[in-house]
Amino acid sequence: MYAPSARQRRWGELEGWRIVAALGIVAIHVWQQVWGHHAGRPPVYHLMPYLQSLDLFVDLFFVVSGLVLTYPFVRALLDDPAGPAPSGFRGFLVQRFLRVAPVYYFVVVVVWSSRNFGFRTADWTDLVEHLTFTQWLDPKRIFYTIGPAWSVAVEFWMLPLIPLLFFAARPLARRLRRRGARAAVASVLPLLLVAVRVAFKAAGKAVWKVPYTEHAFWYSMPSKLDDFAIGMLLALLVALAGARRLPWAAGAVCRLAGAGGLAFIVAHRFHGSPVRYLTRFDDFEVACHPLAAVALGVLVLPALIGRRRGLVNRVVGARPLVAAGAFTYALYLVHEPLLQPLTSIGLLSTGASLATMARNWALVLPVALAAAVVMYLLIEWPMLRIRAAYDRSTGRSRDYYAHLADVVVTREGPLLSRARPARFEGQGRPEPDPVEVVLP
């Protein structure tokens, strides 16, 4: 519908990675659903540690969000701190709310209503927590209604950090002439977030002795600040690079380092032992998610500042994957609520073979993707158009028909008056001559 910018074309691989991550999350939840209905040992027991490591894809969502949303702010901070802000604080939050909330609220209300009946017997606390994006604070209900929605709620409360980074660093950045000095100022908040997360989880593990079953602690916003901050630092690195591009060899090294880092994390996380997975929670388990976020950031870096398209970019950034990336958010929200009804009507098998698992994935994915496409077309796409009607700097509705306020009705018909030319000042348009306006 719109001609993509050069940055959108170059960053198309990120959309491909988002749909790859969503497919991985679908796979792990199908695996966990079958595991929950399987007596005794879980199916494909020997692959259990590796299948469970698909949860590292959630870290990629945080990194990509931090990167994409922060980039316009840090670029303005480095190149023109005295210029206009990419978005006002209120405008940014309104824009993000209109992007995140509509389809989220739709899925939450539909799923909650299908599981709660009666005014007195319904779990209203669960509904209120999900509608206010606060279910991650409740140890009991953090995974209620829509399990994966905890990450959406956590990210929602991280969003104010992005304009805070810009507006807090802007006064000092204006006084600095060197671009590198402004970059150092812009890095303070992301590094502080990483430090807060490290201290929070270290205290939880070593001081407070929080068990790994306390999900409201280990899946809370403070526990995921580092993933988001790594995305912010990645945005700063891309903005600092400017027009400079990584040589092909350096890009290949980044790809290998990122993939190798992920392989090391998965192999070392449970040492290939299902028993170790069931009794996990050592220091490496606490540190594996930020390490995975760093490895994922290094893996996608050539897509952002690479000199030319390599094999990974051509595969992950292929048009089908990039197009499917538009449905990632709806797919992420809708797939898990579909698992229970599909299991109840007997479509999901509880067999223990890898072939059975593959059949389950092949069954769930088309159903979930079809539902995601429908929600995108009926909810997300219309809301994207509505969101465009709000000004980023103020968060208020744009007045696209300001000229109609200058209409003067005469006996000859409505005329556009010269009486108030100030309405056209600063808009890059010459003051109009009186013309006849056809009113509907």
Selection count, segment 181-235, where residues are more than 26 Å from residue 301 (Cα to Cα) and among the β-branched types (Val, Ile, Thr): 3
Selection within segment 112-138 - over 30 Å from residue 389 (Cα atoms) and either basic (Lys, Arg) or surrounded by 13 or more Cβ atoms within 10 Å (Cβ to Cβ) (or both): 112, 115, 116, 120, 122, 123, 125, 126, 135, 136, 137, 138
Which listed residue, of 246, 225, 236, is crowded, with 19+ Cβ neighbours inside 10 Å, in contact with a helix residue (DSSP H, G or I) (Cβ under 9 Å, 6 or more places away or on another chain), of a type in the set (A, V, I, L, M, F, W, C) and farther than 25 Å from residue 143 by Cβ: 236
Residue in segment 89-105 that is exposed (fewer than 14 other Cβ atoms within 10 Å of the Cβ) and at pLDDT 95 or above present: yes
All positions within segment 77-97 that are of a type in the set (A, V, I, L, M, F, W, C), assigned to a helix (DSSP H, G or I) and in contact with a Phe, Trp or Tyr (Cβ under 7 Å, 6 or more places away or on another chain): 77, 89, 94
Residues within segment 370-390 that are open to solvent by 60 Å² or more (accessible area, probe 1.4 Å), part of a helix (DSSP H, G or I) and either within 14 Å of residue 104 (Cβ to Cβ) or not charged (D, E, K, R) (or both), tallied: 5
Those residues of segment 351-400 which are of a type in the set (A, V, I, L, M, F, W, C), free of Cβ contacts under 8 Å to residues at least 24 places away in the same chain and over 21 Å from residue 102 (Cβ atoms), in sequence order: 355, 358, 362, 363
Which numbered condition residue 214 fails, given (1) at pLDDT 95 or above; (2) surrounded by fewer than 19 Cβ atoms within 10 Å (Cβ to Cβ): (1)
Residue within segment 54-72 that is closer than 30 Å to residue 240 by Cβ, of a type in the set (Asp, Glu) and modelled with pLDDT under 95 present: no
Helices (runs of 4 or more DSSP H) within segment 204-270 that include 2 or more residues of a type outside the set (A, V, I, L, M, F, W, C) and within 26 Å of the chain's Cα centre (by Cα): 221-241, 248-270
In segment 111-160, the residues that are assigned to a loop (DSSP other than H, G, I, E, B) and of a type in the set (Ser, Thr, Tyr): 121, 132, 134, 144, 145
Residue, least open to solvent (accessible area, probe 1.4 Å), within segment 164-179, restricted to residues that are of a type outside the set (A, V, I, L, M) and in contact (Cβ under 8 Å) with a residue 40 or more places away in the chain: 166
Elements of type helices (runs of 4 or more DSSP H) contained in segment 290-350, each with 1 or more residues being touching a residue at least 40 places away in the same chain (Cβ under 8 Å) and in contact with a His (Cβ under 6 Å, 6 or more places away or on another chain): 328-344
Residues of segment 243-256 classified as more than 22 Å from residue 311 (Cβ to Cβ) and in contact (Cβ under 8 Å) with a residue 12 or more places away in the chain, total: 1
Yes/no for residue 30 being open to solvent by 20 Å² or more (accessible area, probe 1.4 Å), hydrophobic (A, V, I, L, M, F, W, C) and assigned to a helix (DSSP H, G or I): no
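The values are calculated or read from the model by the stated rules, or taken from the named source; none is laboratory data. Just so it is clear, the model here is predicted, and its values are computed rather than measured. All Cβ positions, glycine included, derive from the backbone under ideal geometry; neighbour counts span all protein chains shown. What goes into the accessible areas is simple: the full protein's heavy atoms, side chains included, and nothing from ligands, DNA or RNA. Shrake-Rupley method; radii C 1.70, N 1.55, O 1.52, S 1.80 Å.
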